[in-house]
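A.B. asks: Structure incoming, see below.
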Amino acid sequence: MREPSPNVLDALLRQPSKKSKASVSVSSTLLAAADAVAGTAQRSALIERALRRYLRYLVRRQRHARELAILNANAARLNAEAREAKRDQVPVERA
């Protein structure tokens, strides 16, 4: 599965748009479960919410991976700065 950039996907999810008809094939048990939860009148709304939630999850996962890569790329420098800051701290005297 191809994942678009998080910025593109996030912009698409935030952009209001009119409803479009779509035809998808799902298992009959999954459809029955959706109907049991939402009722047949609200099936489309349930599927839209689930899809939107999943796409937002993908955006968060991509952002997290990008931020982790940035942190890892700078880990040595950041750790050195933290060690230096710790060395500069004055010990706390206990009463």
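The values are calculated or read from the model by the stated rules, or taken from the named source; none is laboratory data. Quick caveat, the model's predicted, so the values are computed rather than measured. All Cβ positions, glycine included, derive from the backbone under ideal geometry; neighbour counts span all protein chains shown.
A.B. asks: Return the pair list, or none, for Cβ contacts closer than 8 Å from residues in the range 57-76 that are loosely packed, with under 11 Cβ neighbours inside 10 Å and modelled with pLDDT under 90 to residues that are among the basic types (Lys, Arg) and in a helix (DSSP H, G or I), at least 6 apart or on different chains.
C.D. replies: Close Cβ pairs (under 8 Å, with a partner that is among the basic types (Lys, Arg) and in a helix (DSSP H, G or I)) do not exist here.
A.B. asks: Here's a check for you: in the range 38-49, which residue that is surrounded by 13 or more Cβ atoms within 10 Å (Cβ to Cβ) and aliphatic (A, V, I, L, M) is farthest from Val24 (Cα to Cα)?
C.D. replies: If we take residues in the range 38-49 being surrounded by 13 or more Cβ atoms within 10 Å (Cβ to Cβ) and aliphatic (A, V, I, L, M), then Ala38 is farthest from Val24 (Cα to Cα).
A.B. asks: Suppose we filter the range 9-37 for residues that are surrounded by 10 or more Cβ atoms within 10 Å (Cβ to Cβ) and within 16 Å of the chain's Cα centre (by Cα); how many remain?
C.D. replies: 5
A.B. asks: Please count how many residues of the range 1-48 are modelled with pLDDT of 85 or more, of a type in the set (Gly, Ala, Ser) and either under 17 Å from Gln62 (Cα atoms) or assigned to a helix (DSSP H, G or I) (or both).
C.D. replies: Result for the range 1-48: 9.
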